[in-house]
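In what follows, a structure is listed as structure tokens, so that the remarks can point back to it.
The values are calculated or read from the model by the stated rules, or taken from the named source; none is laboratory data. If you're wondering where the values come from, they're calculated on a predicted model, not measured in any experiment. Cβ atoms come from the backbone with ideal geometry, glycine included; neighbour counts cover every protein chain shown.
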Amino acid sequence: MNKIIEALELFNPQLEKDLSGQQLRAVHDLCACRTASLGGHVHKCSECEQIKVYYNSCRNRHCPQCQGLNKAIWVDKMSAGVLDAPYFHLVFTVPEELKSLFYRNQKLLYSLFYKACAETIQELCEDPRYLGAQPGFFSMLHTWSQDLNYHPHIHSVVTGGGLSEKGQWRMSKKKFFIPVKVLSKKFRGKFLYYLKKLYTENKHRLSSFFCHYEEEEFNALIDRLYSLEWYTYVKEAFSGPQAVLKYLGRYASGVAISNSRVLEVTQETVSFKVRNRKDPARQTTITLKGKEFVRRFLLHILPRGFVKIRHYGIQATRNKKTKLVLCRKLSKSKVYSPRYAGLSKIAIASLIAGSDLSICPFCKTCRMEKIQEFSARMVT
């Protein structure tokens, strides 16, 4: 059994009265995933006549049991847009003083966060002092640290090249072309400008936590935030398209912690592995009370309908069939054809597993055929 779901089932009852509706829904979905609670389908071998029952998945984007296949399909689709150019990995974070504000106004401030990051990257890349061209990039929000505490930050993967106003492809150097301090100050200015605008024009939409600030107090907070160094950095440069795809596979998952990191779940505690910040090759173990582990895990349930991965510049949806195609031609990039296009999920899962999952697991010669479907309400 998945250890994360085991912990949810064991310790969630202690937290239920404190959870939001979205968190309760996530807990219900994850605990019901691949059980009779969601219904399923019955398959029978045409040769040995053995029966096997498969239960339906919950398809919740926070479910550790559902993300593997979805992640593989998403990465496969993304491969079609990769160019033969340098790629850079940027990380944008916000100061500790903003975390409570973020958590209580998630949908508004996450969207503001994306907007500030995107405009920072686009404006600096289009500046003739740096790249002088429109880049392509995507951004994804993560809200967790290694120890599962609340730590909102955005990862952006940016092309080291772009399309100039004259329709020419401009390639960057292997080293990131924008000074990190310039990037950080630009982002801080963008974010705080939009935060002040949000406070002034849309105060009625914000939570009571935000509204309790009088104007003088709010301005003092803004001044304090301007005085801080915002931690924005270039994490790594990718060595080629395949390295970009490997990165996508590692970061695309919407789950705060993988099952492989959870070492043990007892009646009282949960133990899991944490990467050492100073030495990433080393790992330490953290043991939390079960209730605290579940509380931290549920901090990272995103608002309903929130779009987590967003594309910009030449990779934006409206530009994929025009600017991206032109850039591929100008940069003489290879075309990466998606492997999974048009395939069923069982066929995709078989490719990932390296064996045909439709073959009978008992006789291992004939295919299993679906003979019945049943819904949750049919289960007694």
When you go through V325, V307, V335 one by one, which is the residue that is without any contact (Cβ under 8 Å) to a residue 60 or more places away in the chain, assigned to a loop (DSSP other than H, G, I, E, B) and not hydroxyl-bearing (S, T, Y)? V307
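Residues that are in a helix (DSSP H, G or I), surrounded by fewer than 18 Cβ atoms within 10 Å (Cβ to Cβ) and not assigned by TED's automatic domain parsing to the domain that holds Y251: does the range 37-59 have at least one?
yes
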What number of residues in the range 135-164 are in contact (Cβ under 8 Å) with a residue 60 or more places away in the chain and either in contact with a helix residue (DSSP H, G or I) (Cβ under 7 Å, 6 or more places away or on another chain) or not assigned by TED's automatic domain parsing to the domain that holds Y312 (or both)? 16
Long-range neighbours under 7 Å by Cβ, at least six apart or interchain, first residue in contact (Cβ under 8 Å) with a residue 12 or more places away in the chain and within 15 Å of I346 (Cβ to Cβ) within the range 29-58, second in a strand (DSSP E or B) and acidic (D, E): H41/E373; H43/E369
Of the residues D147, D84, D76, which single one is over 21 Å from the mean Cα position of the chain (by Cα) and either part of a helix (DSSP H, G or I) or closer than 29 Å to K246 by Cβ (or both)? D84
So K321 clears everything in (1) surrounded by 12 or more Cβ atoms within 10 Å (Cβ to Cβ); (2) in the same structural domain as P241 (by TED's automatic domain parsing); (3) under 16 Å from S79 (Cα atoms) except one condition, right? Which one? (1)
Please give the helices (runs of 4 or more DSSP H) falling wholly within the range 154-265 in which 2 or more residues are modelled with pLDDT of 90 or more. 180-201, 215-227
Conditions: (1) of a type in the set (S, T, N, Q); (2) at pLDDT 70 or above; (3) in a loop (DSSP other than H, G, I, E, B). S271 meets all but one. Number of the miss? (3)
Within the range 1-31, residues of a type in the set (S, T, N, Q), within 21 Å of the chain's Cα centre (by Cα) and closer than 15 Å to V265 by Cβ come out as N2
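Is it fair to say S145 is hydroxyl-bearing (S, T, Y), surrounded by 18 or more Cβ atoms within 10 Å (Cβ to Cβ) and closer than 23 Å to L248 by Cβ? It would help to see each step written out before you state the result.
Details: hydroxyl-bearing (S, T, Y): yes; surrounded by 18 or more Cβ atoms within 10 Å (Cβ to Cβ): no; closer than 23 Å to L248 by Cβ: yes.
The answer is no for S145.
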Unmet requirement for Y114, which otherwise passes all of (1) surrounded by 18 or more Cβ atoms within 10 Å (Cβ to Cβ); (2) modelled with pLDDT of 90 or more; (3) more than 19 Å from Q315 (Cβ to Cβ); (4) not basic (K, R): (3)
Determine if the range 307-322 includes at least one residue that is at pLDDT 90 or above and over 24 Å from the mean Cα position of the chain (by Cα). yes
